[in-house]
Amino acid sequence: MTIAGSDSGGGAGIQADLKTFSAIGVHGCSTITSVTSQNTKTVQQVQDLKPETIQTQIETVLDDIEIKAIKIGMLHNKKIAETVYKTLKKQDIYTVLDPVMISESGDPLVTKESLKTIKTKIIKISDLITPNKEEAIELSNKQIKTKQDIKTAAEKIWKKGPKTIVITGGHIDGDDYIYNGKKHQTLKGKLLKINSHGSGCTFSSAITAYIAKGNKPNKAIKKAKKFTTEAIKNGEKIGAGNIPVNPNKTTINQSNRYKTQKNHTKAIKKLKKTNPTDLIPEVGSNLGMATKNAETSQDIIAIPGRIVKLNNKIKPVGCPKYGASSHIARVITTVMKHNPNYRSAMNIKYTPKTIKKAKKQGYKTTSFKRKNVPQNNTMSHGTDKAIKNTQKIPDIIYDTGGHGKEPMIRIIGRNATETVNKAIKLSKKH
Ligand code: PXL
(Lines give C-alpha, C1' and ligand atoms only; values in the text may rest on other atoms or scores of the structure.)
Protein backbone atom coordinates (compact mmCIF):
# COMPACT_ATOMS: atom_id res chain seq x y z
CA MET A 1 0.00 0.00 0.00
CA THR A 2 1.09 3.50 -0.77
CA ILE A 3 0.08 6.42 1.45
CA ALA A 4 0.74 9.45 -0.74
CA GLY A 5 -0.57 12.40 -2.71
CA SER A 6 -2.26 12.31 -6.09
CA ASP A 7 -0.44 13.96 -9.01
CA SER A 8 -2.96 14.92 -11.68
CA GLY A 9 -0.09 15.03 -14.20
CA GLY A 10 0.39 11.28 -13.67
CA GLY A 11 4.15 11.46 -13.16
CA ALA A 12 4.72 11.23 -9.41
CA GLY A 13 2.82 10.40 -6.22
CA ILE A 14 0.09 7.77 -6.10
CA GLN A 15 0.09 7.46 -9.89
CA ALA A 16 3.81 6.62 -10.08
CA ASP A 17 3.50 4.27 -7.10
CA LEU A 18 0.65 2.22 -8.56
CA LYS A 19 2.29 2.00 -11.98
CA THR A 20 5.45 0.78 -10.27
CA PHE A 21 3.61 -1.78 -8.14
CA SER A 22 1.87 -3.27 -11.16
CA ALA A 23 5.04 -3.30 -13.27
CA ILE A 24 6.82 -5.25 -10.53
CA GLY A 25 3.89 -7.61 -10.19
CA VAL A 26 2.26 -6.82 -6.85
CA HIS A 27 -1.28 -5.67 -6.14
CA GLY A 28 -1.19 -2.02 -5.13
CA CYS A 29 -3.55 -0.48 -2.59
CA SER A 30 -3.61 3.26 -1.99
CA THR A 31 -4.42 5.81 0.67
CA ILE A 32 -4.63 9.27 -0.85
CA THR A 33 -3.50 12.05 1.49
CA SER A 34 -3.86 15.11 -0.76
CA VAL A 35 -5.04 15.85 -4.25
CA THR A 36 -2.56 18.03 -6.11
CA SER A 37 -3.49 19.93 -9.26
CA GLN A 38 -0.32 19.80 -11.28
CA ASN A 39 1.25 19.35 -14.67
CA THR A 40 4.87 18.92 -15.77
CA LYS A 41 5.62 22.57 -14.95
CA THR A 42 3.93 23.40 -11.67
CA VAL A 43 1.87 22.43 -8.64
CA GLN A 44 -1.15 24.72 -8.99
CA GLN A 45 -3.09 23.67 -5.88
CA VAL A 46 -2.98 21.17 -3.01
CA GLN A 47 -6.27 19.96 -1.53
CA ASP A 48 -5.75 17.98 1.65
CA LEU A 49 -8.13 15.19 2.53
CA LYS A 50 -9.74 15.08 5.96
CA PRO A 51 -7.70 13.13 8.54
CA GLU A 52 -10.68 10.78 9.09
CA THR A 53 -10.73 9.96 5.40
CA ILE A 54 -7.06 9.10 5.54
CA GLN A 55 -7.47 6.99 8.66
CA THR A 56 -10.43 5.03 7.25
CA GLN A 57 -8.64 4.37 3.97
CA ILE A 58 -5.73 2.80 5.84
CA GLU A 59 -7.88 0.89 8.32
CA THR A 60 -10.38 -0.38 5.77
CA VAL A 61 -7.61 -1.77 3.60
CA LEU A 62 -5.73 -3.33 6.51
CA ASP A 63 -8.93 -4.81 7.90
CA ASP A 64 -9.34 -7.10 4.91
CA ILE A 65 -6.26 -7.16 2.70
CA GLU A 66 -2.95 -8.74 3.65
CA ILE A 67 -0.61 -5.80 3.25
CA LYS A 68 3.02 -6.93 3.00
CA ALA A 69 4.68 -3.51 2.91
CA ILE A 70 3.76 0.16 3.11
CA LYS A 71 5.27 3.18 1.40
CA ILE A 72 4.72 6.65 2.81
CA GLY A 73 5.08 9.66 0.52
CA MET A 74 3.58 13.15 0.69
CA LEU A 75 2.12 14.11 4.10
CA HIS A 76 1.16 17.71 3.42
CA ASN A 77 -0.06 18.99 6.79
CA LYS A 78 0.54 18.19 10.42
CA LYS A 79 -2.90 16.64 10.99
CA ILE A 80 -2.32 14.20 8.14
CA ALA A 81 1.13 13.27 9.42
CA GLU A 82 -0.17 12.80 12.97
CA THR A 83 -3.06 10.65 11.70
CA VAL A 84 -0.76 8.42 9.67
CA TYR A 85 1.52 8.05 12.69
CA LYS A 86 -1.34 7.22 15.04
CA THR A 87 -2.87 4.70 12.63
CA LEU A 88 0.34 2.92 11.68
CA LYS A 89 2.15 2.77 15.01
CA LYS A 90 -0.10 -0.12 16.11
CA GLN A 91 1.00 -2.09 13.04
CA ASP A 92 4.06 -4.20 12.42
CA ILE A 93 4.19 -3.91 8.64
CA TYR A 94 7.49 -3.11 6.86
CA THR A 95 7.38 0.61 6.11
CA VAL A 96 9.39 2.61 3.57
CA LEU A 97 9.46 6.38 4.02
CA ASP A 98 10.10 8.72 1.10
CA PRO A 99 10.55 11.96 3.06
CA VAL A 100 9.04 14.14 0.34
CA MET A 101 9.62 17.87 0.88
CA ILE A 102 9.74 19.80 -2.41
CA SER A 103 8.51 18.86 -5.90
CA GLU A 104 10.81 18.78 -8.92
CA SER A 105 9.08 21.98 -10.02
CA GLY A 106 10.27 23.61 -6.77
CA ASP A 107 6.89 23.74 -5.01
CA PRO A 108 6.68 22.80 -1.30
CA LEU A 109 4.81 19.54 -0.65
CA VAL A 110 4.88 19.64 3.17
CA THR A 111 4.31 22.40 5.73
CA LYS A 112 6.91 23.22 8.38
CA GLU A 113 4.67 21.75 11.07
CA SER A 114 4.17 18.53 9.14
CA LEU A 115 7.90 18.23 8.57
CA LYS A 116 8.39 18.33 12.33
CA THR A 117 6.02 15.37 12.80
CA ILE A 118 7.78 13.50 9.99
CA LYS A 119 11.18 14.16 11.60
CA THR A 120 10.10 13.13 15.09
CA LYS A 121 7.32 10.55 14.68
CA ILE A 122 6.90 9.18 11.14
CA ILE A 123 10.61 8.45 10.94
CA LYS A 124 10.35 6.35 14.13
CA ILE A 125 7.83 3.94 12.59
CA SER A 126 9.77 3.60 9.32
CA ASP A 127 12.04 0.64 8.59
CA LEU A 128 13.74 2.14 5.56
CA ILE A 129 14.09 5.75 4.41
CA THR A 130 15.06 7.17 1.01
CA PRO A 131 16.07 10.83 1.33
CA ASN A 132 17.77 12.68 -1.52
CA LYS A 133 20.64 15.02 -0.72
CA GLU A 134 18.50 18.00 0.35
CA GLU A 135 16.18 15.83 2.41
CA ALA A 136 19.16 14.15 4.10
CA ILE A 137 20.53 17.58 5.04
CA GLU A 138 17.16 18.56 6.54
CA LEU A 139 16.77 15.28 8.46
CA SER A 140 20.32 15.23 9.81
CA ASN A 141 20.92 18.96 10.32
CA LYS A 142 24.24 18.34 8.61
CA GLN A 143 25.64 19.95 5.47
CA ILE A 144 26.64 17.53 2.74
CA LYS A 145 29.74 18.52 0.80
CA THR A 146 31.95 15.43 0.90
CA LYS A 147 31.55 11.65 0.78
CA GLN A 148 32.27 11.60 4.53
CA ASP A 149 29.39 14.07 5.09
CA ILE A 150 27.01 11.62 3.40
CA LYS A 151 28.12 8.88 5.82
CA THR A 152 27.79 11.15 8.85
CA ALA A 153 24.31 12.29 7.75
CA ALA A 154 23.24 8.66 7.25
CA GLU A 155 24.46 7.74 10.73
CA LYS A 156 22.55 10.67 12.26
CA ILE A 157 19.33 9.69 10.45
CA TRP A 158 19.81 6.05 11.48
CA LYS A 159 19.76 7.09 15.14
CA LYS A 160 16.18 8.37 14.62
CA GLY A 161 14.84 4.88 13.98
CA PRO A 162 14.97 3.48 10.43
CA LYS A 163 17.13 0.35 10.16
CA THR A 164 18.16 1.11 6.60
CA ILE A 165 19.10 4.51 5.18
CA VAL A 166 19.43 5.07 1.44
CA ILE A 167 20.65 8.53 0.49
CA THR A 168 19.82 8.72 -3.19
CA GLY A 169 22.42 10.14 -5.54
CA GLY A 170 20.26 11.83 -8.15
CA HIS A 171 21.40 15.24 -6.84
CA ILE A 172 24.94 14.01 -6.07
CA ASP A 173 26.84 11.72 -8.46
CA GLY A 174 24.33 9.03 -9.41
CA ASP A 175 25.55 6.55 -6.77
CA ASP A 176 23.22 5.61 -3.90
CA TYR A 177 24.55 5.47 -0.34
CA ILE A 178 23.26 2.73 1.96
CA TYR A 179 23.77 2.50 5.72
CA ASN A 180 22.35 -0.24 7.94
CA GLY A 181 23.77 0.69 11.34
CA LYS A 182 26.83 -1.48 10.81
CA LYS A 183 28.38 -0.66 7.48
CA HIS A 184 28.23 1.81 4.63
CA GLN A 185 27.77 0.62 1.08
CA THR A 186 27.84 2.44 -2.22
CA LEU A 187 25.50 1.33 -4.96
CA LYS A 188 27.09 2.46 -8.20
CA GLY A 189 24.96 4.39 -10.67
CA LYS A 190 25.20 6.85 -13.50
CA LEU A 191 24.04 10.42 -13.21
CA LEU A 192 21.36 10.80 -15.89
CA LYS A 193 21.08 14.21 -17.51
CA ILE A 194 17.29 14.16 -17.56
CA ASN A 195 15.04 16.57 -15.66
CA SER A 196 12.76 13.76 -14.58
CA HIS A 197 9.64 13.86 -12.46
CA GLY A 198 8.57 11.00 -10.19
CA SER A 199 11.91 9.22 -9.83
CA GLY A 200 11.92 9.41 -6.02
CA CYS A 201 8.36 8.08 -5.80
CA THR A 202 9.21 5.28 -8.22
CA PHE A 203 12.37 4.32 -6.32
CA SER A 204 10.68 4.13 -2.91
CA SER A 205 7.63 2.29 -4.24
CA ALA A 206 9.87 -0.15 -6.16
CA ILE A 207 11.73 -0.93 -2.92
CA THR A 208 8.35 -1.44 -1.21
CA ALA A 209 7.16 -3.78 -3.96
CA TYR A 210 10.35 -5.85 -3.91
CA ILE A 211 10.14 -6.09 -0.10
CA ALA A 212 6.50 -7.21 -0.45
CA LYS A 213 7.72 -9.93 -2.81
CA GLY A 214 10.07 -11.25 -0.13
CA ASN A 215 13.39 -9.59 -0.95
CA LYS A 216 15.75 -8.51 1.83
CA PRO A 217 16.24 -4.71 2.02
CA ASN A 218 19.62 -4.69 0.25
CA LYS A 219 18.36 -6.82 -2.64
CA ALA A 220 15.19 -4.73 -2.87
CA ILE A 221 17.24 -1.52 -3.05
CA LYS A 222 19.48 -2.92 -5.78
CA LYS A 223 16.56 -4.08 -7.89
CA ALA A 224 14.70 -0.82 -7.30
CA LYS A 225 17.68 1.22 -8.48
CA LYS A 226 17.83 -0.72 -11.73
CA PHE A 227 14.06 -0.42 -12.17
CA THR A 228 14.10 3.33 -11.53
CA THR A 229 17.03 3.95 -13.88
CA GLU A 230 15.03 2.27 -16.67
CA ALA A 231 11.89 4.23 -15.78
CA ILE A 232 13.84 7.51 -15.97
CA LYS A 233 15.47 6.57 -19.30
CA ASN A 234 12.04 5.61 -20.68
CA GLY A 235 10.44 8.93 -19.73
CA GLU A 236 8.78 10.86 -22.53
CA LYS A 237 8.44 14.59 -22.89
CA ILE A 238 4.66 14.99 -22.68
CA GLY A 239 4.59 18.62 -21.55
CA ALA A 240 6.79 21.71 -21.46
CA GLY A 241 8.31 20.98 -18.04
CA ASN A 242 9.92 17.98 -16.36
CA ILE A 243 9.84 14.55 -17.95
CA PRO A 244 7.71 12.02 -16.06
CA VAL A 245 9.25 8.62 -15.51
CA ASN A 246 7.64 5.64 -17.25
CA PRO A 247 7.69 2.59 -14.97
CA ASN A 248 5.85 0.37 -17.45
CA LYS A 249 7.71 0.79 -20.71
CA THR A 250 10.31 -1.87 -19.98
CA THR A 251 7.57 -4.44 -19.30
CA ILE A 252 5.75 -3.47 -22.48
CA ASN A 253 8.98 -3.64 -24.49
CA GLN A 254 9.72 -7.11 -23.11
CA SER A 255 6.23 -8.26 -23.95
CA ASN A 256 6.60 -6.90 -27.51
CA ARG A 257 9.93 -8.69 -27.90
CA TYR A 258 8.35 -11.94 -26.79
CA LYS A 259 5.42 -11.61 -29.21
CA THR A 260 7.78 -10.76 -32.07
CA GLN A 261 10.03 -13.70 -31.29
CA LYS A 262 7.04 -16.05 -31.22
CA ASN A 263 5.87 -14.95 -34.66
CA HIS A 264 9.40 -15.20 -36.07
CA THR A 265 9.88 -18.73 -34.68
CA LYS A 266 6.56 -19.82 -36.19
CA ALA A 267 7.66 -18.44 -39.57
CA ILE A 268 11.02 -20.26 -39.45
CA LYS A 269 9.22 -23.50 -38.59
CA LYS A 270 6.96 -23.12 -41.61
CA LEU A 271 9.94 -22.39 -43.82
CA LYS A 272 11.67 -25.59 -42.67
CA LYS A 273 8.51 -27.64 -43.11
CA THR A 274 7.72 -26.42 -46.65
CA ASN A 275 11.44 -26.41 -47.56
CA PRO A 276 11.46 -24.01 -50.58
CA THR A 277 15.21 -24.45 -51.18
CA ASP A 278 15.04 -22.83 -54.63
CA LEU A 279 14.43 -19.47 -52.90
CA ILE A 280 17.79 -19.42 -51.12
CA PRO A 281 20.35 -17.13 -52.82
CA GLU A 282 24.11 -17.85 -53.04
CA VAL A 283 24.83 -15.48 -50.14
CA GLY A 284 22.12 -17.06 -48.03
CA SER A 285 18.80 -15.66 -46.92
CA ASN A 286 17.62 -13.97 -43.77
CA LEU A 287 14.24 -13.39 -42.22
CA GLY A 288 13.90 -10.42 -39.90
CA MET A 289 11.13 -8.98 -37.80
CA ALA A 290 11.15 -5.79 -35.75
CA THR A 291 9.33 -5.14 -32.50
CA LYS A 292 6.63 -2.47 -32.41
CA ASN A 293 8.35 0.93 -32.16
CA ALA A 294 11.74 -0.59 -32.98
CA GLU A 295 14.55 1.94 -32.96
CA THR A 296 17.74 0.07 -33.82
CA SER A 297 18.86 -3.26 -35.29
CA GLN A 298 18.95 -4.51 -31.68
CA ASP A 299 15.14 -4.45 -31.82
CA ILE A 300 15.07 -6.70 -34.89
CA ILE A 301 15.19 -10.47 -34.59
CA ALA A 302 16.91 -12.49 -37.32
CA ILE A 303 19.03 -15.60 -37.86
CA PRO A 304 22.75 -15.34 -37.00
CA GLY A 305 24.78 -16.69 -39.95
CA ARG A 306 21.67 -16.48 -42.17
CA ILE A 307 19.49 -19.25 -43.60
CA VAL A 308 21.31 -21.57 -46.03
CA LYS A 309 20.66 -24.63 -48.18
CA LEU A 310 22.36 -27.75 -46.82
CA ASN A 311 21.82 -31.29 -48.22
CA ASN A 312 18.80 -29.94 -50.06
CA LYS A 313 17.25 -28.70 -46.83
CA ILE A 314 16.54 -25.20 -45.54
CA LYS A 315 18.87 -24.64 -42.62
CA PRO A 316 18.91 -21.66 -40.25
CA VAL A 317 22.56 -21.47 -39.21
CA GLY A 318 22.03 -20.05 -35.72
CA CYS A 319 19.11 -19.61 -33.33
CA PRO A 320 16.93 -16.51 -33.76
CA LYS A 321 18.50 -13.55 -32.03
CA TYR A 322 17.85 -9.82 -31.64
CA GLY A 323 20.50 -7.78 -33.43
CA ALA A 324 21.63 -10.73 -35.55
CA SER A 325 21.37 -9.03 -38.93
CA SER A 326 22.48 -5.78 -40.46
CA HIS A 327 21.32 -6.09 -44.09
CA ILE A 328 17.74 -7.22 -43.55
CA ALA A 329 17.52 -4.93 -40.47
CA ARG A 330 18.31 -1.91 -42.64
CA VAL A 331 15.62 -2.90 -45.12
CA ILE A 332 13.11 -3.21 -42.29
CA THR A 333 13.95 0.05 -40.50
CA THR A 334 13.69 1.89 -43.84
CA VAL A 335 10.31 0.31 -44.65
CA MET A 336 9.08 1.18 -41.15
CA LYS A 337 9.89 4.84 -41.72
CA HIS A 338 7.31 4.76 -44.52
CA ASN A 339 4.81 2.55 -42.68
CA PRO A 340 5.52 1.29 -39.14
CA ASN A 341 3.02 -1.56 -39.57
CA TYR A 342 5.36 -3.34 -42.02
CA ARG A 343 7.93 -4.82 -39.65
CA SER A 344 9.35 -7.81 -41.51
CA ALA A 345 11.47 -8.68 -44.54
CA MET A 346 13.21 -11.66 -46.10
CA ASN A 347 15.70 -11.73 -48.97
CA ILE A 348 15.32 -14.50 -51.54
CA LYS A 349 17.03 -15.51 -54.81
CA TYR A 350 16.35 -13.27 -57.80
CA THR A 351 15.26 -14.80 -61.09
CA PRO A 352 13.23 -13.05 -63.80
CA LYS A 353 10.81 -15.96 -63.57
CA THR A 354 10.21 -15.34 -59.90
CA ILE A 355 9.33 -11.70 -60.57
CA LYS A 356 6.97 -12.82 -63.37
CA LYS A 357 5.31 -15.29 -61.04
CA ALA A 358 4.95 -12.63 -58.33
CA LYS A 359 3.31 -10.19 -60.73
CA LYS A 360 0.95 -12.88 -61.94
CA GLN A 361 -0.10 -13.50 -58.36
CA GLY A 362 -0.90 -9.83 -57.91
CA TYR A 363 2.15 -8.93 -55.84
CA LYS A 364 3.12 -5.31 -55.93
CA THR A 365 6.75 -5.21 -57.05
CA THR A 366 9.21 -2.37 -57.30
CA SER A 367 12.95 -2.16 -57.88
CA PHE A 368 16.07 -0.02 -57.69
CA LYS A 369 19.32 -0.10 -59.61
CA ARG A 370 22.48 -0.52 -57.55
CA LYS A 371 24.35 1.94 -59.76
CA ASN A 372 21.78 4.63 -58.88
CA VAL A 373 22.22 4.44 -55.12
CA PRO A 374 25.26 5.27 -52.94
CA GLN A 375 27.65 2.34 -52.40
CA ASN A 376 27.53 2.68 -48.65
CA ASN A 377 24.35 1.54 -46.96
CA THR A 378 22.84 0.21 -50.20
CA MET A 379 20.02 -1.53 -48.33
CA SER A 380 18.64 1.69 -46.81
CA HIS A 381 19.15 3.88 -49.88
CA GLY A 382 17.84 1.22 -52.28
CA THR A 383 14.79 0.43 -50.17
CA ASP A 384 14.03 4.12 -49.73
CA LYS A 385 14.37 4.82 -53.46
CA ALA A 386 12.19 1.87 -54.41
CA ILE A 387 9.42 2.79 -51.96
CA LYS A 388 9.40 6.45 -52.97
CA ASN A 389 8.15 5.36 -56.39
CA THR A 390 5.08 3.71 -54.88
CA GLN A 391 1.94 4.77 -53.01
CA LYS A 392 1.63 1.61 -50.96
CA ILE A 393 4.28 -0.55 -49.28
CA PRO A 394 5.23 -3.10 -51.99
CA ASP A 395 5.33 -6.87 -51.46
CA ILE A 396 8.66 -7.07 -53.26
CA ILE A 397 11.66 -4.80 -53.70
CA TYR A 398 14.28 -6.23 -56.05
CA ASP A 399 17.48 -5.28 -57.80
CA THR A 400 19.23 -6.99 -60.67
CA GLY A 401 22.68 -6.88 -59.08
CA GLY A 402 25.88 -5.06 -59.81
CA HIS A 403 29.59 -5.67 -60.13
CA GLY A 404 30.28 -8.61 -57.81
CA LYS A 405 26.82 -8.24 -56.25
CA GLU A 406 24.23 -10.95 -56.52
CA PRO A 407 20.79 -9.73 -57.66
CA MET A 408 18.20 -10.02 -54.91
CA ILE A 409 14.50 -10.01 -54.10
CA ARG A 410 13.30 -8.69 -50.75
CA ILE A 411 9.84 -9.74 -49.60
CA ILE A 412 8.13 -7.27 -47.28
CA GLY A 413 5.39 -8.18 -44.79
CA ARG A 414 3.70 -6.89 -41.69
CA ASN A 415 5.12 -9.79 -39.69
CA ALA A 416 7.44 -12.74 -40.25
CA THR A 417 4.73 -15.31 -40.96
CA GLU A 418 3.15 -13.05 -43.58
CA THR A 419 6.55 -12.53 -45.20
CA VAL A 420 7.30 -16.26 -45.27
CA ASN A 421 3.86 -17.09 -46.67
CA LYS A 422 4.42 -14.58 -49.49
CA ALA A 423 7.85 -16.13 -50.17
CA ILE A 424 6.66 -19.73 -50.20
CA LYS A 425 4.07 -18.93 -52.88
CA LEU A 426 6.94 -17.98 -55.20
CA SER A 427 8.78 -21.27 -54.87
CA LYS A 428 8.75 -23.72 -57.78
CA LYS A 429 7.56 -26.35 -55.37
CA HIS A 430 4.30 -24.49 -54.65
O1 PXL B 1 8.37 13.62 -6.08
C2 PXL B 1 7.74 13.98 -4.91
C3 PXL B 1 6.25 14.02 -5.04
C4 PXL B 1 5.49 13.24 -4.22
N5 PXL B 1 4.15 13.23 -4.24
C6 PXL B 1 3.48 14.03 -5.07
C7 PXL B 1 4.17 14.86 -5.94
C8 PXL B 1 5.61 14.86 -5.92
C9 PXL B 1 6.33 15.73 -6.81
O10 PXL B 1 5.84 16.51 -7.54
O11 PXL B 1 3.51 15.62 -6.77
C12 PXL B 1 2.00 14.00 -5.09
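The values are calculated or read from the model by the stated rules, or taken from the named source; none is laboratory data. The structure presented is a predicted model; accordingly, all values stated were derived computationally and were not measured. Cβ sites come from the backbone with ideal geometry, for glycine too, and all protein chains shown count toward neighbours. Remember, those area values only see protein heavy atoms, side chains included, never the ligands or the DNA or RNA. Shrake-Rupley method; radii C 1.70, N 1.55, O 1.52, S 1.80 Å.
When V308 is tested against (1) aliphatic (A, V, I, L, M); (2) outside any helix (DSSP H, G or I); (3) surrounded by fewer than 16 Cβ atoms within 10 Å (Cβ to Cβ), only condition (3) is not met. Among the residues making up region 103-143, those that are modelled with pLDDT of 95 or more, within 14 Å of the ligand (Cβ to nearest atom) and either outside the structural domain of H76 (by TED's automatic domain parsing) or part of a loop (DSSP other than H, G, I, E, B) (or both) are L109, V110, T130, P131, N132. Kindly establish whether I58 is surrounded by 18 or more Cβ atoms within 10 Å (Cβ to Cβ), part of a helix (DSSP H, G or I) and more than 10 Å from the ligand (Cβ to nearest atom). In short, yes. In region 9-47, which residue that is more than 9 Å from the ligand (Cβ to nearest atom) and of a type in the set (G, A, S) is surrounded by the most Cβ atoms within 10 Å (Cβ to Cβ)? Checked region 9-47; the qualifying residue surrounded by the most Cβ atoms within 10 Å (Cβ to Cβ) is A23.
Looking only at residues in region 379-402 that are surrounded by fewer than 19 Cβ atoms within 10 Å (Cβ to Cβ) and β-branched (V, I, T), the one that is farthest from S326 (Cα to Cα) is T390. Checking each residue in region 82-102 for being within 16 Å of the ligand (Cβ to nearest atom) and either open to solvent by 40 Å² or more (accessible area, probe 1.4 Å) or of a type in the set (V, I, T) (or both) picks out V84, V96, V100, I102. Exactly one residue out of K50, K68 is in contact (Cβ under 8 Å) with a residue 12 or more places away in the chain and away from the ligand (no atom under 16 Å from the Cβ): that is K68.
Within region 189-207, residues that are under 17 Å from G11 (Cα atoms) and in a helix (DSSP H, G or I) sit with their Cβ atoms under 8 Å from residues that are more than 10 Å from the ligand (Cβ to nearest atom) and at pLDDT below 95, at 6+ positions apart or across chains, in these pairs: S199/G170; G200/G170. Restricting region 153-191 to residues that are at pLDDT 95 or above and among the β-branched types (V, I, T) leaves a set whose member that is nearest to D127 (Cα to Cα) is T164.
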